[in-house]
1. When the solvent-accessible surface of protein heavy atoms is calculated with a 1.4 angstrom probe, in what order do PHE207, PHE133 fall, highest first?
2. Given a 1.4 Å probe and the protein chains all in place, what does the accessible area of HIS138 round to, in Å² to the nearest 10?
3. In square angstrom, rounded to the nearest 10, how much accessible surface does THR108 have for a 1.4 Å probe?
4. Heads up, I need the accessible area for LYS203: 1.4 angstrom probe, whole protein in place, Å², nearest 10.
5. Cross-link partners among aspartates and glutamates for LYS117, C-alpha distance below 20 Å, same-chain residues fewer than 8 apart left out?
6. Net charge within 9 Å of VAL262 by Cβ-Cβ distance, Lys/Arg positive one each and Asp/Glu negative one each, not counting VAL262 itself?
7. Over the stretch 122-169, how many percent of alpha carbon pairs lie in each 5 Å bin up to the one with the longest distance?
8. Counting other Cβ atoms within 10 Å, keep those with at most 16, restrict to DSSP loop, and tell me which GluC sites (Glu not before Pro) in the stretch 197-297 are left.
Amino acid sequence: MGSAGGVRQARRYFLVMTPNPGNPGSLRAEPASGAAMVRVSGLWKRFGDREVLADVSFDVARGEVVCIIGPSGSGKSTLLRCLNGLEEPQLGEVEIDGIMVPGVRGLTRQQRRARHKHLARLRGEVGMVFQQFNLFPHMSALGNVMSGPILVRRRPRDECMDLAMKLLRRVGLAEKANDFPDELSGGQQQRVAIARALAMGPKVMLFDEATSALDPELVGEVLAVIRDLAREGMTMLVVTHEMGFARQVANTVLFMDNGRIVEEGRPADIFDSPREARTASFLSAVLSHESMPDGAG
């Protein structure tokens, strides 16, 4: 697992991140009925004078896949970070499987310590995969995947190794178990990052433009893993610029602009007959670019 310093670095990471009718070709599972797995109500977030999220509200059912699309700077990534407490909104509420994501404003020191423990438990239910892979460079692929269950869940090493190998096989990287991040392609690193998030046994997965840092030929291998998770019924929120993927995998598409949800609906409705002019103009620009032949423009 590497040096003592490396183990401390890994432990800090998990304490912040994850401690203790539509399209006939769709790959999506039908979400379960009942209480929402994720509930967002009246979310507002500012950075200084800049309003990043403005009265954002929506629910995500258990097993539902929600793809969030929109121009850069529209608040998509900030929204995901609010869902697991990496960012704190000024107003509004977030619940994950009935558990409130706690804020920090107005808390005493003792209450802040209790909040930290509460967030630690909550983040164990929410896996997040970033644009950058954030793998521990001093650990092999196997070490990265088993680090969370060992350092946070305190599960036996042999059990964690078996789990990690199972997950590496699931993302098609069992033969790369002993390779270090600098020996892996970008797509392979991102698949290891997905396996590492899954190792914590999350109820919800958040993907923040997980393919945006990849060379185009590597995007498909990462999207294939996310498609498999959708087939298996994992609850997911996916920020993506891959419109074809969103159409194929999502149960619901949210279009965001200027910190607000402009339009929400089934993929067929959003992509084929958007109600809002801003949605239509965005999709026209993005889809015309995607359809350009290689080397054009």
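1. Listed by decreasing accessible area, they come as PHE133, PHE207.
2. Per-residue accessible area (HIS138): approximately 50 Å².
3. 70
4. 80
5. GLU87, GLU88, GLU93, GLU95, ASP97, GLU125
6. Numbers: positive: ARG260, ARG278; negative: ASP257, GLU263, GLU264, GLU276.
Combined, the nearby Lys, Arg, Asp and Glu give -2.
7. Binned Cα distances yield the sequence 5, 20, 26, 29, 18, 3, 0.
8. Details: sites: GLU209, GLU217, GLU221, GLU232, GLU242, GLU263, GLU264, GLU276, GLU290; in loops: GLU209, GLU232, GLU242, GLU276.
Answer in residue order: GLU232, GLU276.
The values are calculated or read from the model by the stated rules, or taken from the named source; none is laboratory data. Small disclaimer: the values here were computed from a predicted structure and weren't measured. Using ideal geometry, Cβ is built from the backbone for each residue, glycine included, and neighbour counts are taken over all protein chains shown. These area figures cover heavy atoms from the full protein model, side chains too; ligands, DNA and RNA do not enter into them. Shrake-Rupley method; radii C 1.70, N 1.55, O 1.52, S 1.80 Å.
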